Amino acid sequence: MTGRFGRDSAVAAAAVVVVALTGGGLTRLDAWYYGLKQPWFKPPDWVFGPAWTILFTLIAWAAVLGWRAGRHRRPSPRRRLITLLVLNGILNIGWSLLYFFLQRPDWALLELVPFWASIIALMVHLRVYTPRGAWLLTPYLLWVSFAAVLNFEAVRLNGPF
């Protein structure tokens with residue numbers, strides 16, 4: 001593949017689809033979830049799918065920009081980029097596992113600290129050689145920050161678990 005949508009774009013797209021499908025598969029909107037008291041400012045459930053679709057698109061775009069911008073840099077930042085993306089993907093999935101699958105919002109709240117930090121680490125890493133890639137992750141950081149507030153409120157309103 002050549003041009004603007006190359007092999008790197010296909011790999012980034014496939015990677016975010018794997019993370020999205022895995023996290024989505026662990027997300028159970030069942031009687032337990034609907035029985036939770038929610039804060040007044042929680043968006044309707046239908047908002048989350050489109051929001052995550054946009055966020056995963058931005059993550060893949062940032063990854064491609066980072067991969068391409070790192071091509072000719074020495075030392076290559078690509079290995080660190082892949083490591084940070086994998087770590088972030090694991091933490092993203094881990095939050096869904098803890099909150100929805102294991103029904104432990106309290107543990108998920110604790111897991112949000114390294115999850116949030118992994119986004120910051122990606123942004124700091126990308127900023128050096130592709131500032132645009134770093135900026136593309138800003139909505140992701142904001143959304144996960146908002147999710148942290150929702151998670152905190154779920155624990156406060158429903159705890160202990």
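Taken together, the values in this text are just the output of simple stated rules run on the coordinates, not laboratory data. Quick caveat, the model's predicted, so the values are computed rather than measured. Please note: Cβ atoms are built from the backbone with ideal geometry, for glycine as well, and neighbour counts cover all protein chains shown.
Worth a mention:
- Inverse mean reciprocal Cα-Cα distance (Kirkwood Rh) of the chain, Å: 16.5
- Loop-located chymotrypsin sites (Phe, Trp or Tyr not before Pro) across the stretch 1-85 with a Cβ neighbour count of 15 or fewer within 10 Å are F5, W40, F41, with loop assigned by DSSP.
- Dipole magnitude for the chain: about 880 debye, using +1 per Lys or Arg Cβ and -1 per Asp or Glu Cβ, origin at the Cα centre.
- Largest GNM mean-square fluctuation across P50, P39, P131, computed for the chain with C-alpha springs under 10 Å, falls on P50.
- Ratio of Rg to Rh over the stretch 90-150 (Cα coordinates, Kirkwood Rh, two decimals): 1.05
- A quarter of the convex hull surface defined by the alpha-carbon atoms of the stretch 18-73 gives 5.5 nm² as the mean projection.
- Helical mean residue ellipticity (222 nm; -39500 (n - 2.57) per DSSP H run of 4+; nearest 500) of the chain: -24500 deg cm²/dmol
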